[in-house]
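The values are calculated or read from the model by the stated rules, or taken from the named source; none is laboratory data. Predicted model only: the values in this text are computed from it and were never measured. All Cβ positions, even for glycine, are placed from backbone atoms using ideal geometry, and neighbour counts span all protein chains on display. Keep in mind that these areas ignore ligands, DNA and RNA; they rest on the heavy atoms of the full protein, side chains included. Shrake-Rupley method; radii C 1.70, N 1.55, O 1.52, S 1.80 Å.
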Amino acid sequence: MALPALLAVLGSAQALAAELQTQAVASGLDHPWALAFLPDGRYLVTERPGRLRVLERDGRLNAPIQGLPAVAAAGQGGLLDVVLDSDFARNRTLYFCYSEPGLGADSGKNSTALAKARLSADASQLEQVQTLFSQRPKYASSLHFGCRIVERRVDGKSDGSLFLALGERSSYKEQAQNLKSHLGKIVRINKDGSVPRDNPFVGRADAWPEIWSYGHRNPQGAALAPDGTLWMHEHGPQGGDEINHIEPGKNYGWPVTTYGENYGGGKIGQGITQQSGMEQPLHYWVPSIAPSGMAFITSERYGPEWKGSLVVGALKAQHLERLSFANATSRRITASEVLLPRLGQRVRDVRQGPDGWLYLLTDASDGQLLRVLAAP
């Protein structure tokens, strides 16, 4: 692209960023965590204390949906992500992950679990609830559950499997490198809870077969790119939040490599940022923005220049960021731009709706569902 044309495109994108505005769809949500779009135009929202709600199109809150399993709602734990099955319109199946309390010998402990259920015809009840996966081992901790779900697609169609991003529970960070632990991993399972035969560690005695990738800290965003590949971001410690393109069997470094440091200062481990056999992030933040939620823009609601961009929410920084790529087929991030700099709310989830607009959930005791619009 010639320089004048490139400058015109950049100027157009910057002008749009300055004109973005938010429209409140709903308020009065108690620390909402995840958003899904029902086929009839309503919204499905999780609240971290352990409630699942349907929001009407005008923002009215319905009574909590009944039938959830027990949830260990404390600290960062609770009812977390929710996604609809790609065939939800026919089967009314959804998937959700949450902090699962331990029983028996694990009493007082917890871990991330993934369940499936059918939403009743009147959307008041979960039916046929089934736990598909439970992170092992369980610990007494209220930190770093991770918990983002993505349905895998191959050539644009579901292959019948799910990715689940799992945190390393903070104090147990060394287990992110242990292939016989679920901590700090992305796992891939089939929709019935079984392990896909083509997972990278299937057949290895020194690894659990459901593991897809490892060396993660606390993933709070995950999404499929337009080409169907899996991307995620994870919190660093003090600095070093990362965006990673996830490939099967790869090691993403934590806690051996990081661009962050201990809270209050001081290096983590040897204080290195690179090591042979460990992947480098495609983008990282120092200082931290505390990313949460992410979505690729596939519509042209914000103009053709923004199509293909990756948008990330920020809890600590209280804004959105748009990341641009060298071209439509590139995985190289070339620019990062702050959106909604005066939002003043912690962004927990970011999704593109069926109407092509971006939607945000804000993390507060009086949280909101916001629609992000371009100025007319």
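Building the convex hull from the alpha-carbon atoms of the stretch 152-202 and averaging its projection over directions returns 4.0 nm².
Provide the percentage of antiparallel DSSP beta bridges, counting only those with both residues in the chain; round to the nearest 5.
For the chain, the DSSP antiparallel bridge percentage is about 95.
Near S158, once Lys and Arg are set to +1 and Asp and Glu to -1 for all other residues with Cβ below 10 Å from its Cβ, the sum equals 0. Longest stretch of the chain clear of exposed loop sites (GluC sites (Glu not before Pro), DSSP loop, at most 15 other Cβ atoms within 10 Å, sites excluded): 57-299. Between the listed residues Q368, Y284, V347, the Cα displaced farthest toward the positive end of the dipole of the stretch 281-376, a dipole computed from Cβ unit charges relative to the Cα centre, is found at Y284.
Around G203, under 14 Å between beta carbons, what's the net of Lys plus Arg minus Asp minus Glu among the other residues?
On the way: positive: R197, R204; negative: D198, D206, E210.
Counting the neighbours of G203, the net charge comes to -1.
For the stretch 321-376, a Kirkwood hydrodynamic radius built from all Cα pairs, placed in the Stokes-Einstein relation at 25 °C and 0.890 mPa s, yields a translational diffusion coefficient of 187 µm²/s.
Within the chain, the longest segment free of exposed loop sites, counting trypsin sites (Lys or Arg not before Pro) that fall outside DSSP classes H, G, I, E and B and have at most 14 other Cβ atoms within 10 Å, spans 61-179.
By accessible area, using a 1.4 Å probe on protein heavy atoms only, the chain has 48% of its surface on carbon and sulfur.
Eigenvalues of the alpha-carbon gyration tensor of the stretch 188-247, scaled by 5 and square-rooted, set the equivalent ellipsoid semi-axes at 24, 16, 10 angstrom, largest first. Applying 0.36 nm per residue to the separation of A105 and T229 and subtracting their alpha-carbon distance, the gain on full extension is 40.7 nm. Compactness check for the stretch 276-328: Cα Rg over 2.2 N^0.38 Å is 1.31. Divide the volume of the convex hull around the Cα atoms of the stretch 242-376 by the residue count and you get 143 Å³ per residue. Amide H to amide H, with H built 1.01 Å from N, L339 comes under 5 Å of L320, E321, R322, counting only residues 5 or more places away or on other chains. All Cα-Cα distances of the stretch 225-281, cut into 5 Å bins from zero to the largest, leave 4, 19, 27, 23, 14, 8, 3, 2, 0 percent in each bin in turn. What Kirkwood Rh does the chain have if only Cα atoms enter the pairwise 1/r average? Answer in Å. One over the average 1/r among Cα pairs gives 21.0 Å for the chain.
Electrostatic tally near G59: other residues with Cβ closer than 12 Å to its Cβ, Lys and Arg +1, Asp and Glu -1, net +3. The calculated 222 nm mean residue ellipticity attributable to helices in the chain amounts to -1500 deg cm²/dmol, summing -39500 (n - 2.57) over DSSP H runs of n ≥ 4 and dividing by all residues. Multiplying the residue separation of H245 and Q125 by 0.36 nm and subtracting their alpha-carbon distance yields 39.6 nm.
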